[in-house]
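Working notes, beginning with the structure itself.
The values are calculated or read from the model by the stated rules, or taken from the named source; none is laboratory data. Given the structure is predicted, the values throughout are model-derived calculations rather than measurements. Note that each Cβ is placed from the backbone with ideal geometry, even for glycine, and that neighbours are counted across all protein chains shown.
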């Protein structure tokens, strides 16, 4: 017997349709690449998204064909999110921080038909133009007054002209909710990037999941600034949650430096901001140097990599901002777990609560997690046993975007083992379901048959006031297989010696876990998604063990 409820597909266009009907006057504010502030409403955005759909029709871009973006967080990018996917095409957000060859490979692998780009990326687009024959239309996200006048890119058109000649008399089509909506490639640090192809259903469910009280607790009373870029895992789903929930959305554009982010937070009354630790490090550094504070910011979401305890303390203790520690990845849309406390946790002493909040947390309904050994056997949830973290759920990847690897029936080869996705993280889970990442499987340091968590070593170093950034890597050792080396970036004007660093570990970790050496650098190499490039650090540190011995 089937239920007798209405059968309405979960489509991205329904999110924008809801926003247009029930909070059409709520603002979307953007700092533009042109340098000024743009503001309009969800209602106006919905009209322009329909013009995007019309422009795609006029360009004969077919259902399911890919439309690429090289763009910052801004209102035109917002319109593409809805106009492209809502009309049945696939929005392909490209990370501009990747190398030229990787971007070229991604565009051709996806067979993008249109590429829309912010003028910041014009030099990159000029290089890509001759390398990407699949792209039929190049669109600069600007008005005609800012369109380049040279003919390096034949047929280049401004976005305002591209959609401006279209009306907004368009009815969003209705189709299967499992239709592809957006495409995002992994950063490809260990080979070619892999394409993760989200569906309308997975995206709408994720928008619900990310908004829940025990997730990011989003509401129509919030003003939200996603410092996480729209080209990286759909800005953690916040662009879709904005339409579903109706909060004011503040889009920072290209200016993610500390002074610019702080000024925008204060000017727009931001109550919640989300980003990776490297962005928040710049913001906190600015506040520390200027002596400024926040007048409206109540909470911040930190993800992408583990939040150092020192950063947590700066936000929570010094600035009175609640920290929401989250975990996820491109393959999980990205929300996989959030460090919100239960009623039982709230009865614990403050120090015990803080330890729990520094974990990556519990999954929202829609995600299931487990840890297994190398043979695939499930491991106990005792908060101590390390295992390979696996995930499953309706917004977790099932297979990568079709490439050369195919199943026997011609379908994409599964990315799953026994129905679970292997995340590549090593983690513990306690009896209450609180998960803690101890390392990436490729970064965990295996020394004398024991595992050393690089995250634990980094967090201790980050607690010192002279340390701006810290990263720990394993370096080959002739006797112990690997030994840890800690890489330090000092804060400007601060002094710190090798002995000062190593002294931090006395009595805090077992003696065999203390780093063998310290390498001081002016900068730590950061990858396309804001994470430390540990493969490059290993190369820089390869002689440290010999020197320290």
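A compact table of results
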quantity: Condition broken by residue 193, with the remaining ones in (1) under 19 Å from the mean Cα position of the chain (by Cα); (2) closer than 29 Å to residue 283 by Cα; (3) in a loop (DSSP other than H, G, I, E, B); (4) touching a residue at least 60 places away in the same chain (Cβ under 8 Å) satisfied; calculated: (2)
quantity: For residue 255: the one exception among (1) assigned to a loop (DSSP other than H, G, I, E, B); (2) crowded, with 19+ Cβ neighbours inside 10 Å; (3) in contact (Cβ under 8 Å) with a residue 40 or more places away in the chain; calculated: (2)
quantity: Considering residues of the range 291-315 that are part of a helix (DSSP H, G or I) and touching a residue at least 24 places away in the same chain (Cβ under 8 Å) only, the residue nearest to residue 453 (Cα to Cα); calculated: 309
quantity: Within the range 125-155, tally of residues that are within 30 Å of the chain's Cα centre (by Cα), surrounded by 13 or more Cβ atoms within 10 Å (Cβ to Cβ) and part of a loop (DSSP other than H, G, I, E, B); calculated: 8
quantity: Residues (buried (at least 19 other Cβ atoms within 10 Å of the Cβ) and within 19 Å of the chain's Cα centre (by Cα)) located in the range 97-124; calculated: 98, 103, 106
quantity: Odd one out for residue 132 among (1) at pLDDT 95 or above; (2) under 17 Å from residue 184 (Cβ atoms); calculated: (2)
quantity: Unique residue being buried (at least 22 other Cβ atoms within 10 Å of the Cβ), modelled with pLDDT of 95 or more and over 30 Å from residue 400 (Cβ atoms) when the list is 332, 300, 296; calculated: 300
quantity: Selection count where residues are surrounded by 13 or more Cβ atoms within 10 Å (Cβ to Cβ) and at pLDDT 85 or above, scope the range 521-531; calculated: 3
quantity: Criterion violated by residue 233 - all others in (1) in contact with a helix residue (DSSP H, G or I) (Cβ under 8 Å, 6 or more places away or on another chain); (2) at pLDDT 95 or above; (3) closer than 29 Å to residue 35 by Cα satisfied; calculated: (2)
quantity: Pair list, Cβ under 9 Å, 6 or more apart: the range 226-251 residue at positive phi and surrounded by fewer than 24 Cβ atoms within 10 Å (Cβ to Cβ), other residue at pLDDT 95 or above and part of a helix (DSSP H, G or I); calculated: 246/18; 246/19; 246/22; 246/42
quantity: Unmet requirement for residue 449, which otherwise passes all of (1) modelled with pLDDT under 90; (2) touching a strand residue (DSSP E or B) at 6+ places or on another chain (Cβ under 7 Å); calculated: (2)
quantity: Tally, over the range 498-522, of residues that are out of contact with any helix residue (DSSP H, G or I) (no Cβ under 8 Å at 6 or more places or on another chain), more than 21 Å from residue 438 (Cα to Cα) and in a loop (DSSP other than H, G, I, E, B); calculated: 1
quantity: Answer residue from the range 272-282, given it is in contact with a strand residue (DSSP E or B) (Cβ under 8 Å, 6 or more places away or on another chain) and in a helix (DSSP H, G or I) and is surrounded by the most Cβ atoms within 10 Å (Cβ to Cβ) among those; calculated: 280
quantity: Which numbered condition residue 64 fails, given (1) surrounded by fewer than 22 Cβ atoms within 10 Å (Cβ to Cβ); (2) in contact (Cβ under 8 Å) with a residue 60 or more places away in the chain; (3) more than 27 Å from residue 126 (Cβ to Cβ); (4) out of contact with any strand residue (DSSP E or B) (no Cβ under 9 Å at 6 or more places or on another chain); calculated: (4)
quantity: Criterion violated by residue 395 - all others in (1) buried (at least 20 other Cβ atoms within 10 Å of the Cβ); (2) not in a loop (DSSP other than H, G, I, E, B) satisfied; calculated: (2)
quantity: When residues of the range 495-512 are limited to those that are touching a strand residue (DSSP E or B) at 6+ places or on another chain (Cβ under 8 Å) and farther than 22 Å from residue 536 by Cα, the one surrounded by the most Cβ atoms within 10 Å (Cβ to Cβ); calculated: 496
quantity: Meets criteria (in contact with a strand residue (DSSP E or B) (Cβ under 9 Å, 6 or more places away or on another chain), more than 24 Å from residue 21 (Cβ to Cβ), modelled with pLDDT under 95 and in a loop (DSSP other than H, G, I, E, B)) for residue 215; calculated: no
